[in-house]
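Here's the structure we're looking at; comments come further down.
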Amino acid sequence: MDACHQPTLDEIEGRFVALVDGRLTRDEADRWAGRWVADDGLVWDDISWWALSLLHGIDLPADESGAYLHDDEQLRAWLAELRKRRTM
């Protein structure tokens with residue numbers, strides 16, 4: 001993806017899918033979303049901002065055990081919610 005190209009909702013959803021499928025690490029998803037969240041010059045629709053905000057911080061640890069604050073089940077639920085919101 002071009003560095004100047006603001007991601008579309010399809011691309012954001014694609015990151016969720018890659019994360020759920022194990023093709024993208026949580027760290028990679030967090031860093032990718034963080035780059036876009038931090039860019040104050042961009043304007044986002046509500047669904048895109050909601051989804052990016054979930055991806056940014058997706059690698060937060062729950063505790064010292066290595067578990068994540070948001071588990072894989074939560075990721076799948078968010079992806080389902082994103083798809084539902086896109087049809088509304």
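The values are calculated or read from the model by the stated rules, or taken from the named source; none is laboratory data. Here the structure is a predicted model, which is why all the values come from computation and not from measurement. Positions of Cβ are generated from backbone atoms using ideal geometry, with glycine treated the same way; all protein chains shown enter the neighbour counts. Quick note on the areas: whole protein, heavy atoms, side chains included, nothing else; ligands and nucleic acids left out. Shrake-Rupley method; radii C 1.70, N 1.55, O 1.52, S 1.80 Å.
Seen against the Cα atoms of the chain and their longest principal axis, helix 46-55 is set at about 30 degrees. Surface composition of the chain: carbon plus sulfur atoms hold 50% of the accessible area, using a 1.4 angstrom probe and ignoring ligands, DNA and RNA. Packing order of peptides 36-45, 54-63, highest average first: 54-63, 36-45 (average count of other Cβ atoms within 10 Å over each peptide's residues). With the simple model of a label 7 Å out from the Cα in the direction of the Cβ, Asp45 to Lys84 spans 1.9 nm. Here's how it looks for Leu24: its modeled amide H is under 5 Å from those of Leu19, which are all 5 or more places away or on a different chain. In summary, the chain shows an alpha-carbon radius of gyration equal to 1.07 times the 2.2 N^0.38 Å reference for compact globular proteins. Across every direction, the projection of the convex hull enclosing the Cα atoms of segment 48-88 has a mean area of 2.8 nm².
Using the empirical formula 2.2 N^0.38 Å as the baseline, the Cα radius of gyration of segment 29-74 reaches a ratio of 1.30.
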